[in-house]
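> What follows is a single structure, and I will ask about it in a moment.
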Amino acid sequence: MAAKKSKGQKLAEEILTKREPLGETDNGLLSESIEFCEGYKAFLGNKTEREVIQYVFPILKENKYREYKPGTKYKPGDKFYKVNRNKTIMMCTKGKRPVSDGIRVTVAHIDSPRLDFKPHPLFEDAGMAFFKTHYYGGIKKYQWTTIPLSLRGVVYKKDGTSVMIRIGENDDEPSFCITDLLPHLAQNQMRKTASEVVEGEQLNILIGSWPFDDEEAKSKVKLAVMKILNDSYGITEDDFEAAELCAVPAFKPRDMGFDRSMIAAYGQDDSSCAYAEFAAELATKKPEFTTMTIFADKEETGSDGVTGMRSYFFRDFVEDLAQDEGCEVRNVLRNSACLSCDVGSAFDPAYGEVYERTNCSYMGCGPCIAKYDGARGKYSTNDASAEMMSYILGIFRDAKVAWQIGELGKIDQGGGGTIASEISVHDIDTVDIGVPVLSMHAPVEVVSKADVYMLYKAICAFYASSKPKDF
Ligand code: MN
Ligand code: MN
């Protein structure tokens, strides 16, 4: 029998914040989370924005989503989507209310740090052939040597047709890697700072070592590799100029820990949030407000470009929806609310000194809300208002969704931005929320399955809520 609570204990329950791990509140949550994350692991097999878009098409079709057509009179519960250049997608469920009452937006990004190919990638040196890369996003370059790499992307040929490439992950396929210096000869290297230990121009991928059989030909290893590429994909070296190819870690998503409570995989920033959004969008039936679930590109390089969230495609699409219902886009935007779903940094005891323990996020304590991010005195941040925090937390509380609130790390330790600012610039109240991640931007990142599942529940609650935004 539980001991009778003291006066102080009772008072603490009433007036102090209670934060506890999801596993303490509901130990049975793990089995539900494990089940939910089986779909997530399959989603993680798609490692570039193009692959994610290709992956969701058949699932959208199965769930009765149609391609958006301007001028259509959508009924509550109707589902539609709009794709932007094979890399960004906006998926919607029409609400009971007109869009002029606002829409409910979630946005996650489906690009992750990786090694993009240079336009002239192929070269031969010392009897070996390599691809030159230019890293994409913020990486610790030394982490990308001596790990198996998979090559992905698209190449356009001179006749205008394209070929998708995806090689290096299955057991019957060849693997690729970037070499590193042996410790025996690394005296000078080991004295360098971590940012210089491996430099950008050293991130060359080893792709072949056997020459083409011809006495007269030059660069015979390069020629032999190009012949294999020509035979397999019908491409020539010129075609790399009209290509988007990259190398990503070849690891498959794995359960982690004896208890299988975690997932170790590449690209969980931000696929963990993208999957939670996607599952919530699919589960939404007849919402009060029209939902818009966005998968964005180019977040890791600043959201620039036509497929990044600084492009007008998002606003133009909202304008289409407004026109269809004969209202002004600015009214739709003003009444809308957005969860910018991006991962947070989970507290890591090995590096505890960079976190502020009362304001950071912990593994297994639910999705982390970041009221603001930015750096150097909240510079470059969307700082969600007290009204917006009250609105969102009210929805979560009513739906019995657990959350935590945290900053990325200690003040002046660094910092980072998210898509939130690209959404709030359109006059949409926005707040960041996401799965806490260990080893963010490393070739293998770690998350708690229960956090992914709870983020899904949070987004479901946001989409299901009939509470209008009254501020
Ligand atoms: Mn991210
Ligand atoms: Mn990131």
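> Of all the C-alpha pairs in the range 367-471, what % are more than 16 Å from each other? Could the numbers behind the result be given before it?
On the way: 3395 of 5460 pairs.
When all Cα pairs of the range 367-471 are counted, 62 percent exceed 16 Å.
> Now for a separate question. Between ILE167 and GLN54, with labels modelled 7 Å along Cα→Cβ, what's the label distance in nm to one decimal, could you check?
If labels sit at ILE167 and GLN54, their model points lie 1.4 nm apart.
> Per the Cauchy relation, a quarter of the hull surface: what is the mean projected area of the convex hull of the alpha carbons in the range 46-205, in nm²?
Numbers: hull surface 59.9 nm².
Dividing the Cα hull surface by four gives the mean projection, 15.0 nm².
> Can you tell me the 0 to 90 degree angle between the C-alpha axis of helix 29-44 and the longest principal axis of the chain, rounded to 10?
Roughly 40 degrees between the two axes.
> Dipole magnitude of the chain about its Cα centre, charges +1 at Lys/Arg Cβ and -1 at Asp/Glu Cβ only, in debye to the nearest 20?
Dipole magnitude for the chain comes out near 1640 debye.
> Right, next: Could the peptides 205-218, 242-255 be put in order, highest first, of the mean number of other beta-carbon atoms found within 10 Å of their residues? Kindly include the intermediate steps, with their values, before the conclusion.
Working: 205-218: 13.4, 242-255: 19.6.
Peptide ranking by packing, descending: 242-255, 205-218.
> Evaluated at 4 °C with a viscosity of 1.567 mPa s, what Stokes-Einstein diffusion coefficient in µm²/s does the range 188-317 have when Rh comes from the Kirkwood expression over alpha-carbon pairs? Working shown, then result.
Values: Rh = 20.4 Å.
For these conditions, the coefficient is 63 µm²/s.
> For the chain, state what percent of all Cα-Cα pairs lands in each successive 20 Å bin, counting from 0 Å until the bin that includes the largest distance.
Values per bin, smallest distances first: 23, 52, 22, 3, 0.
> Among DSSP beta bridges lying fully in the chain, give the percent that are antiparallel, nearest 5.
Working: 54 of 78 bridges.
Restricted to the chain, the bridges split so that about 70 percent are antiparallel.
> Sorted by average packing, counted as other Cβ atoms within 10 angstrom per residue and highest first, what order do 345-357, 367-379 take? If you can, show how the numbers build up before the last one.
Values: 345-357: 14.5, 367-379: 18.5.
Final packing ranking: 367-379, 345-357.
> With no other cysteine's Cβ closer than 4.7 Å, which Cys residues of the chain count as lacking a disulfide-compatible partner?
Result for the chain is CYS37, CYS92, CYS177, CYS246, CYS327, CYS338, CYS360, CYS365, CYS368, CYS460, no neighbouring Cys Cβ within the cutoff.
> Work out, step by step, the length gained on full extension between LYS140 and LYS18: first 0.36 nm times the residue separation, then minus their alpha carbon distance; give nm to one decimal.
Details: separation 122, 0.36 × 122 = 43.92 nm, distance 3.64 nm.
Extra length from LYS140 to LYS18 when fully extended: 40.3 nm.
> How much length would be gained if the chain were fully extended between ASP259 and SER31, taking 0.36 nm per residue of separation minus their Cα-Cα distance, in nm to one decimal? Spell out each step's value before the answer.
Working: separation 228, 0.36 × 228 = 82.08 nm, distance 1.03 nm.
Extending this stretch completely gives an extra 81.0 nm.
> Mark the label point 7 Å from the Cα of ARG310 along Cα→Cβ and return the residues of the range 344-381 whose backbone N is within less than 19 Å of it.
It comes to 373-376, 379-381, nothing else.
> How long are the three semi-axes of the equivalent ellipsoid of the range 121-180, in whole Å, if each is the root of 5 times an eigenvalue of the C-alpha gyration tensor, listed from largest down? Write down the numbers at each step before the final one.
Values: eigenvalues 100, 46, 44 Å².
Over the Cα atoms of the range 121-180, the semi-axes work out to 22, 15, 15 Å.
> Got the relative contact order for the chain handy, in percent, Cα pairs under 8 Å and 6 or more residues apart? Each step should come with its number before you reach the end.
Details: 993 pairs, mean separation 102.5, N = 471.
Relative contact order here is 22 percent.
> Continuing with the same structure: Using the alpha-carbon atoms, what tilt in degrees (0 to 90, nearest 10) does helix 268-283 show relative to the longest principal axis of the chain?
Helix 268-283 sits at roughly 50 degrees to that axis.
> Just need the Rg to Rh number for the range 266-408, please, alpha carbons only, Kirkwood Rh. Intermediate results must be reported in sequence, preceding the final value.
Numbers: Rg = 17.0 Å, Rh = 17.5 Å.
Taking Rh as the inverse mean 1/r over Cα pairs, Rg/Rh reads 0.97.
> Could I have the simple spin-label model distance between SER466 and ASP159, label points 7 Å from Cα toward Cβ, reported in nm to one decimal?
It is 5.8 nm.
Throughout, read-outs are computed from the coordinates displayed, never taken from laboratory work. Small disclaimer: the values here were computed from a predicted structure and weren't measured. Quick reminder, even Gly has a Cβ in these numbers, built from the backbone with ideal geometry, and neighbours come from all protein chains shown.
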